[in-house]
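Since the structure comes first, as structure tokens, the remarks are kept for the end.
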Amino acid sequence: AREGGAFNIAGDGLMTWRESANLIGQRVQEMKFTTAYRISALMWKLHAPKAEAPPGNLNFVRYPWILSNEKLKASVGWEPTHETREVFEQTMRAKGLLEGSPEPAATLRVPGA
């Protein structure tokens, strides 16, 4: 479609960090933000194997990141083929963190395109 502007592409539904962690068998440890930030910054600086993102990304946990795909749905009639939980599960399977085989990646389809 030839619609202008920025669009969010996301599955419907949301997951909490706790729900995500529980699904892959990880414990959730509550701590002060400053403590978590310092630990993350040190891991990032040392290039620790599990440090996948800089400490500033902790703000996505501190202030939940929720986006809406309503503009895309209303403008071009797009509908997600998978919900947020399904995509999370596929991603975790592909990383070997959840049992089962990952499904093929979804393809973006716009009606009439």
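Condition (residue is at pLDDT below 90 and either of a type in the set (A, V, I, L, M) or open to solvent by 70 Å² or more (accessible area, probe 1.4 Å) (or both)) applied to the range 30-47: is it met by at least one residue?
no
Among (1) over 23 Å from residue 98 (Cβ atoms); (2) out of contact with any Ser or Thr (no Cβ under 8 Å at 6 or more places or on another chain), where does residue 21 come up short?
Unmet for residue 21, out of (1) over 23 Å from residue 98 (Cβ atoms); (2) out of contact with any Ser or Thr (no Cβ under 8 Å at 6 or more places or on another chain): (1).
List pairs: first in the range 48-77 and under 14 Å from residue 14 (Cβ atoms) and outside any helix (DSSP H, G or I), second open to solvent by 70 Å² or more (accessible area, probe 1.4 Å) and modelled with pLDDT under 90, Cβ under 7 Å, 6+ apart or cross-chain?
Matching pairs, first to second residue: 66/14; 67/8; 68/8; 69/8; 69/9.
Take the residues in the range 59-87 that are within 13 Å of the chain's Cα centre (by Cα) and closer than 21 Å to residue 29 by Cα, then tell me which one is least open to solvent (accessible area, probe 1.4 Å).
Step by step, filter the range 59-87, then rank; the result is 61.
The values are calculated or read from the model by the stated rules, or taken from the named source; none is laboratory data. A quick note: this is a predicted structure, and the numbers were derived from the prediction, not measured. With ideal geometry, Cβ positions are generated from the backbone for all residues, glycine too; neighbour counts draw on all protein chains shown. To get the accessible areas, we keep the full protein, side chains included, count just its heavy atoms, and leave off ligands, DNA and RNA. Shrake-Rupley method; radii C 1.70, N 1.55, O 1.52, S 1.80 Å.
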